[in-house]
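First comes the structure, then the notes that go with it.
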Amino acid sequence: MTPVLTPTLEKQDTLSVPDLVAERDLTRRDLELIFQLAAQVKASPGSFAQALQGKQLALIFEKPSLRTRVTFEVGMTSMGGYAIYLDHTKPRLGERESIKDIARNLERWVHGIVARTFAHASVLELAEHASIPVINALTDLLHPCQGLADFFTLGEKFGRLRGLKLAFVGDGNNVCHSLLITGAKLGVSVNVATPPGFEPKAEIVEDAKSFARKSGAKVQLFNDAPAAVAGVQAVYTDVWASMGQEYATHLRAQVFPSFRITEELMAAADPGAVFMHCLPAHRGQEVTNAVIDSPQSVVFDQAENRLHVQKALLLLLLMQNGRV
Ligand code: CP
Ligand code: NVA
């Protein structure tokens with residue numbers, strides 16, 4: 001592929017999709033382009049200081065956020081643009097007016113929409129009706145920005161991606177889904193260990209397996225944490241009850257303890273393995289303090305890279321929309 005050599009993106013340096021709703025839509029070239037530009041943005045942020053001058057982004061959030069909100073706001077501001085936060089915790093999207101009407105209003109004022117919703121269908125509907133780019137900032141199904149930043153981080157740590165193995169241990173949730181699909185596309189094998197009944201969705205696993213067949217990676221499900229972690233280069237976990245599942249916190253705390261990431265479990269991984277977590281973490285629950293604070297932990301590098309990867313996404317998506 002043609003490398004992106006200057007902050008002025010070349011015409012051919014566009015994504016194959018107008019939105020980032022689901023990583024299954026991204027081609028291998030899209031992934032390379034995002035990572036390449038993210039590396040440039042990270043190495044030379046000043047070169048992009050005016051790249052989105054005068055551009056506005058609407059941030060619609062039905063759920064709380066620290067990392068996603070701050071990185072999108074800082075990302076826009078640091079490239080000369082502006083982000084407007086729309087708190088949709090109450091009422092949720094579609095309750096005050098239709099999602100279609102929200103999309104058709106926002107496209108008249110701003111250049112892009114970032115949305116964090118419960119229903120994945122809400123982000124799909126925004127993308128269907130808005131003529132401007134829509135970025136999925138987490139739904140109950142997927143967290144694409146997180147997965148992209150995580151594999152960018154792994155690429156930095158290991159100098160390669162293809163051939164690496166990652167184990168996701170815990171709940172087969174949105175983050176697990178994004179890691180499965182993105183990993184499989186990138187040639188990273190993904191093992192998932194969950195208690196019985198908490199596996200990732202079957203259709204996501206099938207999708208990931210079909211992408212893995214093409215990239216040479218493997219996707220395997222386990223109900224046993226040590227078996228999944230054996231020999232991997234990255235051990236990943238997330239909360240046992242995601243946003244919207246708080247009602248089940250107590251029950252899950254009884255089901256998941258053998259899936260906690262401890263120093264003993266980390267010892268089953270490759271000696272150079274890293275520990276990963278999307279954050280927020282429930283310290284002492286899905287991971288011990290000793291692991292998350294250990295030299296193996298790259299959780300704050302993941303958090304930092306959310307900024308660089310999302311800046312690359314904004315540049316690519318807003319540019320190809322003809323607005324930049
Ligand atoms: N990892 C992540 O998306 O964090 P926030 O929920 O704080 O945005
Ligand atoms: N699985 C978690 C991820 C938070 C970034 C949740 O959805 O709450």
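The table that follows gives values for the structure above.
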{"quantity": "Neighbourhood charge, 13 Å Cβ-Cβ cut-off, centred on D207 and excluding it, Lys, Arg +1 and Asp, Glu -1", "calculated": "+2"}
{"quantity": "Counting all C-alpha pairs of the chain, share separated by more than 33 Å (%)", "calculated": "23"}
{"quantity": "The chain: relative contact order as a whole-number percent, Cα under 8 Å and 6+ apart", "calculated": "19"}
{"quantity": "Contact order normalised by residue count of the range 169-324, Cα under 8 Å, 6+ apart, percent", "calculated": "21"}
{"quantity": "For S47, solvent-accessible area (1.4 Å; no DNA, RNA or ligand), Å²", "calculated": "60"}
{"quantity": "Alpha carbon convex hull of the range 145-218, volume per residue in cubic angstrom", "calculated": "72"}
{"quantity": "Expected 222 nm ellipticity per residue - DSSP helices of 4 or more, -39500 (n - 2.57), all of the chain, to 500", "calculated": "-12500 deg cm²/dmol"}
{"quantity": "E263 - accessible surface, heavy atoms, 1.4 Å probe, Å² rounded to 10", "calculated": "120"}
{"quantity": "Whole-number accessible area per residue in Å² for the chain, which is evaluated in the context of all protein chains at 1.4 Å", "calculated": "41"}
{"quantity": "The range 152-160 - phi-based ³J(HN,Hα) in whole Hz, Karplus 6.51/-1.76/1.60, Gly and Pro as x", "calculated": "4, 5, 4, x, 5, 6, 10, x, 6"}
{"quantity": "Three-way shape label, the range 1-154, alpha-carbon gyration tensor, a/c 1.5", "calculated": "prolate"}
{"quantity": "Using θ = phi - 60° and Karplus 6.51 cos²θ - 1.76 cosθ + 1.60, couplings along the range 23-30 (whole Hz; Gly, Pro as x)", "calculated": "6, 4, 7, 7, 8, 4, 5, 4"}
{"quantity": "Relative contact order (%) - criterion: Cα under 8 Å, at least six apart; region: the range 113-165", "calculated": "30"}
{"quantity": "GNM flexibility winner over the chain from S122, S189, S44 (Cα, springs under 10 Å)", "calculated": "S44"}
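The values are calculated or read from the model by the stated rules, or taken from the named source; none is laboratory data. Computed from a predicted model, the values in this text were never measured in an experiment. A quick note on method: Cβ atoms are made from the backbone with ideal geometry, for glycine too, and the neighbour counts reach across all protein chains shown. To get the accessible areas, we keep the full protein, side chains included, count just its heavy atoms, and leave off ligands, DNA and RNA. Shrake-Rupley method; radii C 1.70, N 1.55, O 1.52, S 1.80 Å.
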